[in-house]
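Engineer: Below you'll find the structure I mean.
Bear in mind these aren't lab numbers, they're just calculated from the coordinates by the rules spelled out. Note that the structure is a prediction, hence the values are computed from the model and not measured. Cβ coordinates were reconstructed from backbone atoms using ideal geometry, including for glycine residues, and neighbour counts include every protein chain displayed.
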Amino acid sequence: MEIRPTTDEDFEVFVATVHTAFGQFPETPVADGGRWWSALEMDRGLLAVAPDGKPVGTAAAYSFELTLPGGTLVPAAGVTAVGVLPSHRRRGVLSAMMRHQLAEVRERGEFLSVLLASEARIYGRYGYGPATLTARLTVPRHRAEPAERRDGAAEDTGSVEVLPRADCGEILEAVYDRYRRAQPGALSRPHRWWDLGAGQPPVSRAPRYVAVHRDADGVADGYAGYSTESGTLTVDETIAVGDAAFTALARYALGHDLVSQVVFRHVPPEHPLRWQLADIRAGEVGGHTDWLWVRLLDVPRALTARGWFTDGELVLDVDDPFLGEHGRYLLTVRDGRAECVATDRRPDLSLDVRDLGSVYLGGTRPSTLVRAGHIRAHDPAAAARADALFASDLSPHCLHWF
Ligand SMILES: CC(C)(COP(=O)(O)OP(=O)(O)OC[C@H]1O[C@@H](n2cnc3c(N)ncnc32)[C@H](O)[C@@H]1OP(=O)(O)O)[C@@H](O)C(=O)NCCC(=O)NCCS
């Protein structure tokens, strides 16, 4: 089995192989596949080729920027288009592609990669851990009355306008960019995607309504892309630079006539929206799931890159079985900055690199993984110290689909 990099000339065979591997591409009508896949970076693709010359597997990566706790932006390989033909499964083709790809990511100087997993059991073995969670919030309209106004509620002095998707591409791109720079766990959406109309709504040109929120000065600071069908209004994504814009857009959706319920997709686990309803039980959380998976490829670089919010020290013994690597690091945080150096001190925590990926953005507490039996704490206080240290300023969230 040969794993080889792709070029632009491989585009058609690459896309055909991905489609065959999936049997279908549920989020991507084949007729529209050209547009969707045209955002692929063919110099980052891999094809697995059988001895008879037949392509049997694919993997690719986008060059994203990921926002870390504290607002640091770092390059991240966004792994995508991973598939192996049904006729060639369970013979190690994916493992060979993953090994190749991780080496390539490192060569480019990226110290982490991210992905969305079609099935949760595939990627742990390659060092990926689920790092952000997301859910869907469903609110029946007849129970959508807002909570009484409380002292802490910011007054919305802005306005909401509905625009046709075709007329607001640039506005959406600018709002998304402001939002993602401030949101840990968020990914950049390259200009090319907006330009091509590739990807999920509202990045795609699919017919959708878009409500745009503007602040008191008329500057767009939020949008909600939505559609209505059979009495349900579904908001694909609500992107807001601040809570006031989010609240105004949510009220807009909940106030829509001729629908009986509103579904907000991709709501972060701790979002205040339910608290803003007179009846907190009116907002039903469903579809709670992992979203972004993170794989660290250089532990000291990754740990020193993110922001930290409590001083402290921790010795981490990190095992990376897939790459056959192991390191013990002293992490020291002072005044929001971390140092991370090799040490032979006694470890506080022993963990697999996939677990470090899960706690890296602050979305899962290390103590949860200690309790789950994934991380080993060498003394009883170590888990609580790790919780305090790894906590993020804002809980991480990602809603980009790729
Ligand atoms: C998922 C997929 C890429 C796996 O490819 P593959 O070449 O069969 O994987 P490998 O043979 O390298 O598997 C390596 C190991 O992972 C396990 N594994 C692979 N896919 C798995 C799955 N879906 N569920 C559970 N285990 C899985 C294998 O059993 C094997 O375990 P072992 O080393 O203990 O024997 C392939 O099944 C596929 O194309 N599926 C449909 C498309 C898809 O879901 N792609 C992923 C998009 S995120």
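Engineer: Can you give the relative contact order of region 298-390 as a percent, counting alpha carbon pairs under 8 Å and 6+ residues apart? Can you show the working numbers first?
Structural biologist: On the way: 176 pairs, mean separation 25.9, N = 93.
Normalised by residue count, the contact order of region 298-390 is 28 percent.
Engineer: Expressed as a fraction of 2.2 N^0.38 Å, the rule-of-thumb size for a compact globular protein of N residues, what is the C-alpha radius of gyration of region 188-244?
Structural biologist: Numbers: Rg = 12.7 Å, N = 57, 2.2 N^0.38 = 10.2 Å.
My calculation over the Cα atoms of region 188-244 gives 1.24.
Engineer: Then there is this: Any idea what diffusion coefficient region 298-390 gets from Stokes-Einstein, in µm²/s, Kirkwood Rh on alpha carbon pairs, 37 °C, 0.692 mPa s? Mind showing how you got there, number by number?
Structural biologist: Details: Rh = 13.0 Å.
Here the translational diffusion coefficient equals 253 µm²/s.
Engineer: Once the convex hull of the C-alpha atoms of the chain is built, how many Å³ does it hold per residue, rounded to a whole number?
Structural biologist: Numbers: hull volume 62.1 nm³, N = 402.
Considering the Cα atoms of the chain, their hull volume per residue is 154 Å³.
Engineer: Something else now. In Å and on Cα atoms, what radius of gyration and Dmax does region 2-110 show?
Structural biologist: Just the Cα atoms of region 2-110 yield Rg and Dmax of 14.5, 50 Å.
Engineer: If each of Thr289 and Val341 carries a label point 7 Å out from its Cα toward its Cβ, how far apart are those two points in nm?
Structural biologist: For Thr289 paired with Val341, the spin-label model returns 4.5 nm.
Engineer: Follow-up question, since we're still on this one. Where the centre of each part is set by its Cα atoms, how far does region 333-402 sit from region 73-147, in angstrom?
Structural biologist: 20
Engineer: When you count, for each residue, the other Cβ atoms within 10 Å and take the mean per peptide, how do 142-153, 59-70, 90-101 rank with the highest first? Could the numbers behind the result be given before it?
Structural biologist: Details: 142-153: 10.8, 59-70: 22.6, 90-101: 17.2.
Output ranking for 142-153, 59-70, 90-101: 59-70, 90-101, 142-153.
Engineer: Okay, next question. Calculated FRET efficiency, Leu258 and His142, Cβ-Cβ r, R0 22 Å, to nearest 0.05? Spell out each step's value before the answer.
Structural biologist: Working: r = 13 Å, r/R0 = 0.60.
The formula returns an efficiency of 0.95 here.
Engineer: Could you sort 265-278, 326-339 so that the peptide with the highest average Cβ count within 10 Å comes first and the rest follow in order? Please list the in-between numbers first.
Structural biologist: On the way: 265-278: 16.9, 326-339: 15.4.
Highest-to-lowest ranking by the protection proxy: 265-278, 326-339.
Engineer: Ranked highest first by the average count of other Cβ atoms within 10 Å around their residues, in what order do 373-383, 129-139, 202-212 fall? All intermediate terms of the calculation are to be shown ahead of the outcome.
Structural biologist: Numbers: 373-383: 15.2, 129-139: 21.2, 202-212: 19.5.
With the highest mean Cβ count within 10 Å placed first, the list reads 129-139, 202-212, 373-383.
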